[in-house]
Structure formats: C-alpha cells, structure tokens
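Asker: Take this structure first; my questions come after.
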Amino acid sequence: MSNSSSINEFLLLAFSDTQELQLLHFLLFLGIYLAALLGNGLIITAIACNHSLHTPMYFFLLNLSILDLGTISTIVPKSMVNSLRDTRAISYSGCAAQVFCFFFLIAAEYCLLTVMAYDRFVAICRPLHYGTIMGSRACIQMAAAAWASGFLHALLHTGNTFSIPLCQGNTVDQFFCEVPQILKLSCSDSYLREVGLLVVSLCFSLGCFIFIVLSYVQIFSAVLRIPSEQGRHKAFSMCLPHLAVVSLCVSTAAFAYLKPPSISSPAVDLVVAVLYSVVPPAVNPLIYSMRNRELKEALKKLVQLVLFQQQ
C-alpha cells in the first residue's frame with residue numbers, strides 16, 4: 001500500500017477470537033449502551049419538560065447528556081455489530097467519520113465541563129451577579145462556543161490525520177478508530193504535523209484543566225466561609241457531581257494518552273480505551289442524579305408519568 005488512498009478499509013482490534021467471548025462482549029456493550037441511552041435520555045427529557053429546571057446549570061447538563069449520547073453512539077454500535085458478524089472491518093470513510101465525530105464530541109464535552117465549572121464559580125462566589133453574568137444569551141453563547149471548539153478540533157485532526165500517507169498496513173490496534181493508532185500506520189515524517197496538533201490540543205486541555213482547578217479552589221474557599229451547615233451542604237451538592245465527572249474524564253483520558261510505554265500493550269490499551277470512551281457516558285447520569293434533589297424529583301415525576309400512561 002503506497003498511500004492512504006489505496007486503503008479501502010481498516011481492521012479494528014477484536015476483543016476475542018472465540019464466539020462465546022464475542023457474544024459476551026456484545027452483551028456487555030449492549031448493557032452499557034442501553035444504560036447510557038436510558039440515563040441520558042431521562043435527564044434530557046426531564047430537563048426539557050420541567051420548567052423549574054430551565055436554569056443555566058441544567059441547560060449545560062442537558063448539553064452534556066446530548067454529547068454523552070453522541071460519544072457512546074459513535075463507537076459502541078459498530079463494535080457490537082462487528083462482534084455479531086465476527087468481523088473487524090470498518091470502511092475508510094466510516095473510520096474517518098468515527099474519528100471526526102469522536103473528536104468533535106469529546107472536545108466539546110471537555111469545553112462544556114470547563115464552562116460548567118465557571119457557572120458554579122459564579123453561582124457560589126458571585127451570587128449577587130449570577131443573573132446578570134449567566135443570562136440566557138450568555139449561556140447559549142458559551143454552549144455554542146463549546147460545540148464550535150469541538151467542531152474545529154475535529155475538523156483539524158480528521159483532515160490532517162487522513163491526509164497522511166499510510167503504508168504500514170491497515171490494522172488499527174484499538175476497537176475503534178483512534179488517532180494515535182492510525183498514526184502508527186504512517187510511513188513518512190508527515191505524521192509529525194498531527195503530533196504537533198495533538199500537542200496543541202493537549203496544551204488547550206491543560207489550560208481548561210487549570211481553569212477548572214483554580215475555579216474550584218475559589219469555590220471551596222467560599223463554601224468553607226458559609227456560616228450555615230445547610231448552606232455548605234447545598235453548595236457541595238451542587239459542585240461534587242460536576243467535580244466527579246471531571247475527575248473521571250480527565251483521569252481516564254490522561255492515563256490513556258500519557259501512560260508510560262513500558263506498561264503499554266494491546267490488552268491494556270483496550271481496557272483503558274473502554275474506560276475513557278465508553279464508561280463515562282454511561283456513568284455520568286448516575287453521578288449527577290445521585291446527589292441532586294431537584295433532578296431526582298424531576299426524574300421521579302417523569303417515570304411516574306410514563307408508568308401512568310402505560311396503565
């Protein structure tokens with residue numbers, strides 16, 4: 001294969017070669033996927049239908065749930081279909097689409113988590129100015145900026161990755177099309193352009209992470225100065241779910257891309273990829289609904305309404 005244009009399809013990493021384990025992989029991913037669909041779907045519906053949840057915090061949470069649904073839908077269904085069909089193939093265009101959508105949704109989600117940290121900072125540290133700073137127009141602009149940032153990241157990385165000549169075969173050592181694994185197929189120094197873009201993205205992500213950390217340093221300083229225990233509990237209940245989601249996303253993604261080469265292997269890379277790409281979209285709705293009384297009440301009413309209509 002002289003270049004990428006001669007590649008019609010890529011071969012993804014299979015979870016197993018035995019039919020029984022392939023079926024187990026399908027059932028496991030099906031359970032996770034249905035949990036993500038149900039959890040995020042309920043949150044989206046509850047927020048959209050409950051007027052009391054039409055606030056900046058829940059507006060951003062609705063966007064986060066949409067991004068989570070998109071992320072897991074980009075990679076999990078194809079992996080399940082491949083297991084059922086006992087195949088590893090994904091078309092060249094399908095791989096490019098998967099890279100674009102995954103980068104778009106992941107980057108947009110990280111930007112949105114940064115915006116959500118700012119929302120909590122304003123709510124706790126600047127409560128008297130919250131209505132002015134976090135007006136509906138400002139919230140829409142910040143959410144749009146997060147989506148636009150994700151789109152720009154995806155456009156740059158996808159265009160650059162698939163313009164690189166590939167001559168090291170067509171086997172991708174991952175269960176979905178992941179940019180670092182595709183770069184291993186490069187046969188020229190042109191892959192350094194994409195490495196440079198990845199470094200720029202890493203610096204951008206680091207900047208967002210530092211902003212989130214500094215926001216929470218000021219948030220917790222302000223919370224500890226609240227005289228009433230009930231006020232402190234309410235503030236912590238508002239912040240801890242977001243902090244837990246950020247910690248889950250950052251820790252799994254950082255380990256996936258920054259782990260030492262000495263512990264890298266196909267099995268380890270596979271498990272880590274599942275942790276940062278599949279688990280968060282399924283777990284995030286549970287994290288947000290566990291400590292949020294308003295959201296739990298809205299979800300309870302929604303479930304009761306659905307059950308009542310079925311009777």
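The values are calculated or read from the model by the stated rules, or taken from the named source; none is laboratory data. If you're wondering where the values come from, they're calculated on a predicted model, not measured in any experiment. Neighbour counts are summed over all protein chains in view; Cβ atoms, including those assigned to glycine, are modelled from backbone coordinates with ideal geometry. With ligands, DNA and RNA removed, areas are computed over all heavy atoms of the protein, side chains included. Shrake-Rupley method; radii C 1.70, N 1.55, O 1.52, S 1.80 Å.
Asker: In region 80-93, which residues are part of a helix (DSSP H, G or I) and over 20 Å from Phe29 (Cα atoms)?
Answerer: Filtering region 80-93 down to residues part of a helix (DSSP H, G or I) leaves 80-85, 92-93.
Scanning region 80-93 gives Tyr92, Ser93.
Asker: Name the residues in region 254-265 that are outside any helix (DSSP H, G or I) and open to solvent by less than 60 Å² (accessible area, probe 1.4 Å), would you? Walk me through it before giving the result.
Answerer: Quick first cut of region 254-265, residues outside any helix (DSSP H, G or I) only: 259-260, 264-265.
Hits for region 254-265 are Lys259, Ser264, Ser265.
Asker: Here is a list of conditions, (1) under 30 Å from Phe162 (Cβ atoms); (2) surrounded by fewer than 21 Cβ atoms within 10 Å (Cβ to Cβ), and Cys139 meets all of them except one; can you say which number that is?
Answerer: (1)
Asker: Return the only residue of Ser79, Ser91 being closer than 24 Å to Ala154 by Cα, in contact (Cβ under 8 Å) with a residue 40 or more places away in the chain and open to solvent by 30 Å² or more (accessible area, probe 1.4 Å). Let's see the steps before the verdict.
Answerer: Working: Ser79 fails: open to solvent by 30 Å² or more (accessible area, probe 1.4 Å).
Every option except Ser91 fails the conditions.
Asker: Collect the residues in region 222-232 that are outside any helix (DSSP H, G or I) and open to solvent by 60 Å² or more (accessible area, probe 1.4 Å), keeping them in residue-number order. Before the answer, list the steps.
Answerer: Let us first name the residues in region 222-232 that are outside any helix (DSSP H, G or I), namely 225-228.
Passing the criteria: Arg225, Pro227.
Asker: Let me ask something else about it. Are any residues in region 12-22 under 28 Å from Pro180 (Cα atoms) and open to solvent by 50 Å² or more (accessible area, probe 1.4 Å), and if so, which ones?
Answerer: Going residue by residue through region 12-22, those that are under 28 Å from Pro180 (Cα atoms) are 12-18, 21-22.
Passing the criteria: Phe15, Asp17, Thr18, Leu21.
Asker: I would also like to ask the following. Of everything in region 258-295, what is hydroxyl-bearing (Ser, Thr, Tyr) and farther than 30 Å from Met57 by Cβ? Give them in sequence order. Lay out the reasoning, then the answer.
Answerer: The initial filter retains those residues of region 258-295 that are hydroxyl-bearing (Ser, Thr, Tyr), namely 262, 264-265, 276-277, 288-289.
Ser262, Ser264, Ser265, listed by residue number.
Asker: Evaluate region 171-183: report whether one residue or more is more than 27 Å from Ser79 (Cβ to Cβ) and either of a type outside the set (Phe, Trp, Tyr) or free of Cβ contacts under 8 Å to residues at least 12 places away in the same chain (or both). Steps first, answer last, please.
Answerer: The initial filter retains those residues of region 171-183 that are more than 27 Å from Ser79 (Cβ to Cβ), namely none.
Checked region 171-183: no residue is more than 27 Å from Ser79 (Cβ to Cβ) and either of a type outside the set (Phe, Trp, Tyr) or free of Cβ contacts under 8 Å to residues at least 12 places away in the same chain (or both).
Asker: Go through (1) farther than 24 Å from Ser201 by Cβ; (2) open to solvent by less than 50 Å² (accessible area, probe 1.4 Å) and name the single condition Pro127 misses.
Answerer: Of everything listed in (1) farther than 24 Å from Ser201 by Cβ; (2) open to solvent by less than 50 Å² (accessible area, probe 1.4 Å), Pro127 misses just condition (2).
Asker: Let me ask something additional. Which ones in region 100-140 are more than 11 Å from Met57 (Cα to Cα) and not in a helix (DSSP H, G or I)?
Answerer: Arg126, Gly135
Asker: Of the numbered conditions (1) under 21 Å from Met238 (Cα atoms); (2) over 20 Å from the mean Cα position of the chain (by Cα); (3) touching a residue at least 12 places away in the same chain (Cβ under 8 Å); (4) surrounded by fewer than 19 Cβ atoms within 10 Å (Cβ to Cβ), Ala46 fails exactly one; give the number of that condition.
Answerer: Exception for Ala46: condition (4).
Asker: Now for a separate question. I'd like to know if region 146-154 contains one or more residues that are surrounded by 21 or more Cβ atoms within 10 Å (Cβ to Cβ), aliphatic (A, V, I, L, M), touching a residue at least 24 places away in the same chain (Cβ under 8 Å) and not in a loop (DSSP other than H, G, I, E, B).
Answerer: yes
Asker: Here's another thing I want to ask about it. List, please: which pairs have Cβ atoms under 8 Å, are six or more places apart or on different chains, and start with a residue in region 231-257 that is among the polar types (S, T, N, Q) and end with one that is modelled with pLDDT under 80?
Answerer: Matching pairs, first to second residue: Ser237/Arg291; Ser237/Asn292; Ser237/Arg293.
Asker: Ser215 - would you say it is in a helix (DSSP H, G or I), at pLDDT below 80, open to solvent by less than 40 Å² (accessible area, probe 1.4 Å) and polar (S, T, N, Q)? Spell out how you get there, then give the answer.
Answerer: Working: in a helix (DSSP H, G or I): yes; at pLDDT below 80: no; open to solvent by less than 40 Å² (accessible area, probe 1.4 Å): yes; polar (S, T, N, Q): yes.
The answer is no for Ser215.
Asker: With respect to Cys125, is the statement that it is under 23 Å from the mean Cα position of the chain (by Cα) and in contact (Cβ under 8 Å) with a residue 12 or more places away in the chain true?
Answerer: Working: under 23 Å from the mean Cα position of the chain (by Cα): no; in contact (Cβ under 8 Å) with a residue 12 or more places away in the chain: yes.
Spelling it out, it is not the case that Cys125 is under 23 Å from the mean Cα position of the chain (by Cα) and in contact (Cβ under 8 Å) with a residue 12 or more places away in the chain.
To keep it simple, each residue is scored yes or no on (1) crowded, with 16+ Cβ neighbours inside 10 Å; (2) modelled with pLDDT under 80; (3) part of a helix (DSSP H, G or I).
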position	(1), (2), (3)
Leu202	no, no, yes
Phe211	no, no, yes
Lys234	no, yes, yes
Ser237	no, yes, yes
Val245	yes, no, yes
Thr252	yes, yes, yes
Ala267	no, yes, yes
Asn284	yes, no, yes
Ala298	yes, yes, yes
